[in-house]
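Written out below as structure tokens is the structure these notes cover.
The values are calculated or read from the model by the stated rules, or taken from the named source; none is laboratory data. Treat the numbers as computed from the prediction; the structure is a model and nothing was measured. In this analysis, Cβ positions are derived from the backbone assuming ideal geometry, glycine residues included, and neighbour counts consider all displayed protein chains. To get the accessible areas, we keep the full protein, side chains included, count just its heavy atoms, and leave off ligands, DNA and RNA. Shrake-Rupley method; radii C 1.70, N 1.55, O 1.52, S 1.80 Å.
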Amino acid sequence: MMTVMASVSFALFAFSVFLWMKERNSALTAAPSVIKKNITPVEASLITGDSFTVRHVTATILDLVLKEHLSAERTADGRVMYMDNADRSKLKQYERSLVDYLFYRIGKDGTFFMEDVESATVDPEERGSFYTFLEKVKNEIQTELRESVISRRSRNARTVLPLSSFLLMISGAVMLFEHPVSGLAVWAGSAVLGGLMLKQEWLTAYGMEEKERWQRYRNYLKNHRTAGGPLEELAADYVYAVAFGLSGNYEENYPLRDASSLQLRSSEFPLYMPAAGTGALFIINRGESEQLTEAFYKAEHTEGDIISTNANDDGA
């Protein structure tokens, strides 16, 4: 009886590992039939291996300002007011969720102030809603990456592995009394399947190419001292730097602080000089991003990258 149970346990373990490896290899060789070129700063950050955190909410807001889906202006009392003027059909699902929550639940009637986050989330129930909002945005970003064939999630293995691990655990407990070595071996197999369950989403072949491309760009933002260029490009670089967690490096490499510095250094912008109040000028000249991220952290009442994504490594 014990021999039969051991044989069945081994067969179940081998099948489960085979299924996991088959789905992993299928993911790593997958390529899209149509390539989506619009990779947002948040998506680029997660592709390169970052975990999802509230700085990505800040980066998304700045990205939408730069793309003129949102507008931002400083009010008479010195606060920054963000306004929703987005065409919903042009937003990705997670961007729509972000705008709907921040501008119509935390904010009011399509406007949003940084201070609204702390005011709204003082209430424990609303703070729980804020965490739910972050989880929803993270899941929708992961869905976007899968739909772009940048990542692929395990299908059958997601069901088979937990069930197999549980059955091996029971089988090992039964065998432990008569054949301790076999029982421990079966338990070890259960633990291995439990470890495999933690990694059931992988970058595809296309995702690996995108990861390499965005890592090069990330290294550029981290190490390269910008020589100047169109302000819209500088602002776009800054938004990606915020998403990558490199805003400090970017500001050190290109220390623009206010409108007066633009006037003094206007020779560095020979191709494009934006009018005052444009999204690019706002993003470059305002120190709002760090304060905005800090407000989100306070609302969450925790620190660090507390929400993780699995579509973030090379499949190893």
### Task
All but one of (1) in contact (Cβ under 8 Å) with a residue 12 or more places away in the chain; (2) open to solvent by 20 Å² or more (accessible area, probe 1.4 Å) hold for Arg213, so report the exception by its number.
(1)
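Yes or no, residue by residue, for (1) crowded, with 16+ Cβ neighbours inside 10 Å; (2) among the acidic types (Asp, Glu); (3) in the same structural domain as Leu145 (by the TED database); (4) at negative phi:
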{"site": "Glu73", "(1), (2), (3), (4)": "no, yes, yes, yes"}
{"site": "Arg79", "(1), (2), (3), (4)": "no, no, yes, yes"}
{"site": "Ala86", "(1), (2), (3), (4)": "yes, no, yes, yes"}
{"site": "Lys90", "(1), (2), (3), (4)": "no, no, yes, yes"}
{"site": "Glu118", "(1), (2), (3), (4)": "no, yes, yes, yes"}
{"site": "Asp123", "(1), (2), (3), (4)": "no, yes, yes, yes"}
### Task
Any chance you could count how many residues in region 83-135 are more than 21 Å from Asn38 (Cβ to Cβ) and not aromatic (Phe, Trp, Tyr)?
28
### region 146-163 residues that are within 14 Å of Glu43 (Cα to Cα) and of a type in the set (A, V, I, L, M), paired with ones that are part of a loop (DSSP other than H, G, I, E, B) and at pLDDT 70 or above (beta carbon under 9 Å, 6 or more apart)
Val149/Thr204; Ile150/Ile39; Ile150/Thr204
### Summary
Filter region 187-210 for residues that are closer than 25 Å to Glu144 by Cβ and at pLDDT below 80; the one that is surrounded by the fewest Cβ atoms within 10 Å (Cβ to Cβ) is Leu198
### Message
For region 125-139: of the residues being farther than 13 Å from Ser97 by Cβ and surrounded by 12 or more Cβ atoms within 10 Å (Cβ to Cβ), which is modelled with the highest pLDDT?
### Response
Tyr131
### Message
Would you confirm whether or not region 99-116 contains a residue that is farther than 17 Å from Gln291 by Cα, buried (at least 16 other Cβ atoms within 10 Å of the Cβ) and of a type in the set (D, E, K, R)?
### Response
no
### Residues being under 21 Å from the mean Cα position of the chain (by Cα), modelled with pLDDT of 70 or more and not small (Gly, Ala, Ser) - total across region 1-58
17
### Message
Condition check: within 30 Å of Ser51 (Cβ to Cβ), surrounded by 19 or more Cβ atoms within 10 Å (Cβ to Cβ) and not hydrophobic (A, V, I, L, M, F, W, C). Does Tyr94 satisfy that?
### Response
yes
### Task
Out of the residues in region 59-68 that are surrounded by 21 or more Cβ atoms within 10 Å (Cβ to Cβ) and not aliphatic (A, V, I, L, M), state the one that is modelled with the lowest pLDDT.
Asp63
### Task
State all residues of region 167-186 that are open to solvent by 100 Å² or more (accessible area, probe 1.4 Å) and touching a residue at least 24 places away in the same chain (Cβ under 8 Å); if no residue qualifies, say none.
Glu178
